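Novice: If you scroll down you'll find the structure; I have some questions about it.
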Amino acid sequence: MPKHQDFVSLVRENIGAHGDDRSFTFISEERLGKYKENVLGFAELDRKARALASRLQARGLQDRAVLLLYPEGLEFLAAFLGCLYARVIAVPAPLPDLDAGRFGRTRRIIEDADITLILTDTAHRTTIDFWLEAAGLQRRVQALDTQTAGATDPVAWTPPEFGPDTLAFLQYTSGSTSDPKGVMVTHGNLLCNGEEIERRIEGTADTVGVGWVPHYHDMGLVGQVLQPLYLGCRYVFTSPITFIKRPVLWLELITRYRGTVTVAPNFGYELALRRVTDRQLDGLDLSSLRVVKNGAEPVRAATLERMTERFAPVGFRPGMWMPCYGMAETTLLVTAAPLGTGPVVRDFDADALSLDKAVPAPDGDGGARRRLVSCGRPVTLDVAIVDPGTRARLPEEQVGEIWVRGGSVARGYWENPAASRATFGAHTSDGEGPYLRTGDLGFLAADGELFVTGRIKDLIIVNGRNIHAHDIEEAAGEAHPAALTGAAFTLDISVEGEVGEHVVIVQEISTRAAGGTPLDELASLIKAEVARAFELPALSVVLAGRGAVRRTTSGKTQRRQTRDAFLRGEITALAGDLAAGLPGDLELLSGPEKSP
């Protein structure tokens, strides 16, 4: 029998063992280029959490969902842990931003989770009250400032009963392909996934995590915030905004605090590559790192190679890389490379992959090839590759949908039994299950390595071939240094009465990096490169400025939303063959999609 049946008892044991010798350190930007170290020891965090928990218990909120709207920092930690202590279901979410259109998402979460209380800090209480009033929710939902809500004796906290099936929090999905849904993560899920991460990174109380991924994202919450509580180790972090403003700070924190583990999606490493200067390399020392996780969709070989080469002079080693794969529905981790082995990168025949078969690319330059990075091997979870149509389990080296089952798989979606059955209750054609259907496509190699090739909903089918949108986007991004993020999608278009799918790329560009290249010429260059690589007969490229491509709060490309924004005329085209709308010989047959 496991030593602990719930996450709270494990955390409190670590707090008792280490006290304030272990801590969370938040680096805030006080003014331009000036940073402040804010430290919260484990014992003090425990006192704050118990005080808030007793306040929540007095409100009778056990097993009720409470929304947490905080900026990055230490106050969120106390609020989240206070909810766990009170057996209140924490719902972390990004602070709403009316300009970015995120308040609509926040309202959907409030409605979906039946929220009656929002926890926040002093700086945002007034603004949230204003938003609630503007939305007509002020009578139903209250906002509580946990910094100034009145002192409560931590001793007044009465530990409720917990078990592995007790619901810990709702992790709302990013909404990269649909509206967000609340994933129900239990104490048992946290314990199982915490053990998986501990085993793969060989984590101990001496581990030092350094990061910046936001706390409302599964990678940030489970992989960065909760794992130190599981291990009883130190964690140093800053906000995503501070990182984006000055990416070298991430590496400076690793240097200063001798970080051993860090994690980021692919774009974080790309940003560091673009923005960290040769002069800023002076004084950096990354040799303390043991684990550098890349949990992007997909992990890009070029990024790993360039990052290793660029930062080798300051101690970066290829064996630090730990490509991994996971999602909110599995609490976090599903697969990861073994510690110290570095990435496994292989070339596959692109034509065979388009027919769902993983065949090694031939030696030499013959034939189109696609480089893939393995996301490692499954931890103790059962990972199956399944034909999404027939539900037959597929053999090695064949592409299908990735299905997962095991202790880390969450209970389902909050108050959504139909979606829960469809996603979490899948059975193979021979009756094996239940499995979680991830919606991701990939294959298992003969040696057990998992290669993720894309998402089912992002497949572009041209002349019977399966092409993944992110492959098109990657090819467009490599066509010219000015190309930044792109979003590829299809439009149903009639050409002289013949209906077909027309591939469109909305490509963000840096006009500075374009130099003297005319934008029309740049668009034609990108189009020619992508058309050549994928033999696409019907292709258009639209150049746009930064921000044109829609993204989730965690930075994932939202292709459907970008498509709809383009069709509604919300994207200002700088150049391209659709910059002025559809040519006269093309007729659009489908308009913007409405969110369900």
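Novice: Residue under question is Gly366, and the condition is that it be out of contact with any helix residue (DSSP H, G or I) (no Cβ under 6 Å at 6 or more places or on another chain) and either at negative phi or modelled with pLDDT under 95 (or both); does it hold?
Specialist: Criteria met by Gly366.
Novice: Let me ask something additional. Do any helices (runs of 4 or more DSSP H) entirely within segment 63-156 hold 1 or more residues that are within 28 Å of Tyr230 (Cβ to Cβ) and touching a Phe, Trp or Tyr at 6+ places or on another chain (Cβ under 9 Å), and if so, which?
Specialist: So the answer is 74-85, 103-112.
Novice: Every residue in segment 382-410 that is touching a helix residue (DSSP H, G or I) at 6+ places or on another chain (Cβ under 8 Å) and either at pLDDT 95 or above or more than 18 Å from Phe424 (Cβ to Cβ) (or both), please.
Specialist: The answer is Val399, Glu401, Val404, Gly406, Gly407, Ser408, Val409, Ala410.
Novice: I'd like to verify a number: residues in segment 45-66 that are surrounded by fewer than 23 Cβ atoms within 10 Å (Cβ to Cβ) and farther than 21 Å from Ile15 by Cβ, how many?
Specialist: 7
Novice: Only residues that are loosely packed, with under 14 Cβ neighbours inside 10 Å and at negative phi: list them for segment 535-556, please.
Specialist: Pro537, Arg546
Novice: Would you please name the residue that is surrounded by the fewest Cβ atoms within 10 Å (Cβ to Cβ), looking only at residues in segment 385-408 that are among the acidic types (Asp, Glu) and part of a loop (DSSP other than H, G, I, E, B)?
Specialist: Glu396
Novice: Out of segment 304-339, which residues are among the small types (Gly, Ala, Ser), in contact (Cβ under 8 Å) with a residue 24 or more places away in the chain and over 29 Å from Phe169 (Cα atoms)?
Specialist: Of everything in segment 304-339, just one residue is among the small types (Gly, Ala, Ser), in contact (Cβ under 8 Å) with a residue 24 or more places away in the chain and over 29 Å from Phe169 (Cα atoms), namely Gly315.
Novice: A further question follows. Quick one: count up the residues across segment 5-58 that are in a strand (DSSP E or B), touching a residue at least 40 places away in the same chain (Cβ under 8 Å) and not acidic (Asp, Glu).
Specialist: Qualifying residue count for the region: 7.
Novice: Could you tell me which of the residues Gly211, Gly182, Gly203, Gly194 is crowded, with 22+ Cβ neighbours inside 10 Å and either aromatic (Phe, Trp, Tyr) or within 30 Å of Phe489 (Cβ to Cβ) (or both)?
Specialist: Going through Gly211, Gly182, Gly203, Gly194 in turn, the sole match is Gly182.
Novice: For Arg532, work out the one condition from (1) modelled with pLDDT under 85; (2) crowded, with 19+ Cβ neighbours inside 10 Å; (3) among the charged types (D, E, K, R) it doesn't fulfil.
Specialist: All conditions are met except number (2).
Novice: Moving on. Please tell me if Arg550 is of a type outside the set (Val, Ile, Thr) and closer than 10 Å to Gly486 by Cα.
Specialist: Spelling it out, Arg550 is indeed of a type outside the set (Val, Ile, Thr) and closer than 10 Å to Gly486 by Cα.
Novice: Taking only pairs six or more apart or across chains, which ones have beta-carbon atoms under 6 Å, a first residue in segment 531-553 that is assigned to a helix (DSSP H, G or I), and a second residue that is of a type outside the set (D, E, K, R) and buried (at least 22 other Cβ atoms within 10 Å of the Cβ)?
Specialist: Phe534/Ile467
Novice: Also, I was wondering about something else. Among the residues of segment 5-34, write down those that are surrounded by fewer than 17 Cβ atoms within 10 Å (Cβ to Cβ) and of a type outside the set (Lys, Arg).
Specialist: Passing the criteria: Ser9, Glu13, Gly16, Ala17, Gly19, Asp20, Asp21, Ser28, Glu29, Glu30, Leu32, Gly33.
Novice: Here's another thing I want to ask about it. Inside segment 120-135, can you point out the residues that are surrounded by fewer than 18 Cβ atoms within 10 Å (Cβ to Cβ) and either outside the structural domain of Glu72 (by TED's automatic domain parsing) or more than 14 Å from Glu75 (Cβ to Cβ) (or both)?
Specialist: Result: Thr126, Thr127, Asp129, Phe130, Glu133, Ala134, Ala135.
Novice: For segment 78-96, which positions are over 18 Å from Thr173 (Cα atoms), of a type outside the set (Ser, Thr, Tyr) and either touching a helix residue (DSSP H, G or I) at 6+ places or on another chain (Cβ under 6 Å) or without any contact (Cβ under 8 Å) to a residue 12 or more places away in the chain (or both)?
Specialist: Ala78, Leu81, Gly82, Leu84, Ala86, Val88
Novice: Yes or no: segment 342-360 includes at least one residue that is assigned to a strand (DSSP E or B), among the hydrophobic types (A, V, I, L, M, F, W, C) and within 19 Å of the chain's Cα centre (by Cα).
Specialist: The answer is no; no qualifying residue exists.
Novice: What about Ala272, is it in contact (Cβ under 8 Å) with a residue 40 or more places away in the chain and within 24 Å of the chain's Cα centre (by Cα)?
Specialist: In short, no.
Novice: Restricting the search to segment 236-247, which residues are surrounded by 18 or more Cβ atoms within 10 Å (Cβ to Cβ) and among the hydrophobic types (A, V, I, L, M, F, W, C)?
Specialist: Selection gives Val236, Phe237, Phe243.
Novice: Another question, then. In this structure, does Phe316 turn out to be part of a strand (DSSP E or B) and buried (at least 18 other Cβ atoms within 10 Å of the Cβ)?
Specialist: no
The values are calculated or read from the model by the stated rules, or taken from the named source; none is laboratory data. Remember, it's a predicted structure, so these values are computed and weren't measured experimentally. Note: ideal-geometry Cβ built from the backbone for every residue, glycine included; neighbour counts use all protein chains shown.
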